[in-house]
Every structure is written in C-alpha cells, then in structure tokens.
C-alpha cells in the first residue's frame, strides 16, 4: 500500500486516467471527487465520501483508504498493482511536461519521405 497525504483541493493521479480530488475533510470523513478522464462527459465524474478507515473500491484492481487526518492533511492509502502509476498531481504534471513530444506525420509527410 502506497501512502500519500493531500490537502483540500489537492489531487492524486492513478494511471493516466483517474484523478482523486480531496473536496473536504471532516471530523470523521473525507469528501472527494473521482474523475475518470477517459469518460469525461459520459459519466466519468462522481462525488463520494468515505469514513476514515473505510476502503473505497474504484475497480477490481484499485482501492483507496482514507487512513487519518492531521491538521489540514488527510493520509490516503492506495492499493494498486505495480503496473499502475500513482502520483501526487503536481508530480504527475512534471513527469508529463518532461516527456518528449510525440512526432506524428501526416500521410503527405510520409509520402514525401519516400
């Protein structure tokens, strides 16, 4: 289990498609939004809440647990296969910014190359 902390308004990115945004932290629970980027506009965003210690199942491979709160931060445990990346959103954005841009060639461009 990977454990990360987040504040209200901060997010986790799981794989390239899921964002978990902390909306509010209560005395015994956390309200959050799950955004499936691959399904935006097609039921890909939903709000939920979880009591501390409860397991929230995202799918058969992904589970999140809101473990505790300390000050303005919530401690989140993420169970995911090693093949699925889990990052704080700001780290994910840095990784994406450092990736080389993909070069795509049009059919005409390929023809010009011979």
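Quick note: the coordinates plus some simple rules give every number you see, no bench work behind them. These numbers were taken from a predicted model, which means no experiment stands behind them. All Cβ positions, glycine included, derive from the backbone under ideal geometry; neighbour counts span all protein chains shown.
Most exposed first by the Cβ proxy, i.e. fewest other Cβ within 10 Å, how do 72, 85 rank?
If I rank by nearby Cβ atoms, fewest first, I get 72, 85.
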Problem - Spin-label model distance (nm) - residue 90 vs residue 2, 7 Å beyond Cα toward Cβ - result: 1.7
Completion exercise
Cβ density ranking, 10 Å radius, fewest first, applied to 57, 84 yields 57, 84
Fill in the blank from the handout: Taking a ≥ b ≥ c as the square roots of the Cα gyration tensor eigenvalues, with a/c under 1.5 meaning rounded and otherwise prolate when a/b beats b/c or oblate if not, segment 1-77 comes out prolate
Problem - Sorted by Cβ density within 10 Å, fewest first, the residues 5, 33 - result: 33, 5
Practice task
Return the distance in nm (one decimal) between the two label points of a simple spin-label model at residue 82 and residue 60, each offset 7 Å from Cα along Cα→Cβ.
Solution key: 2.2
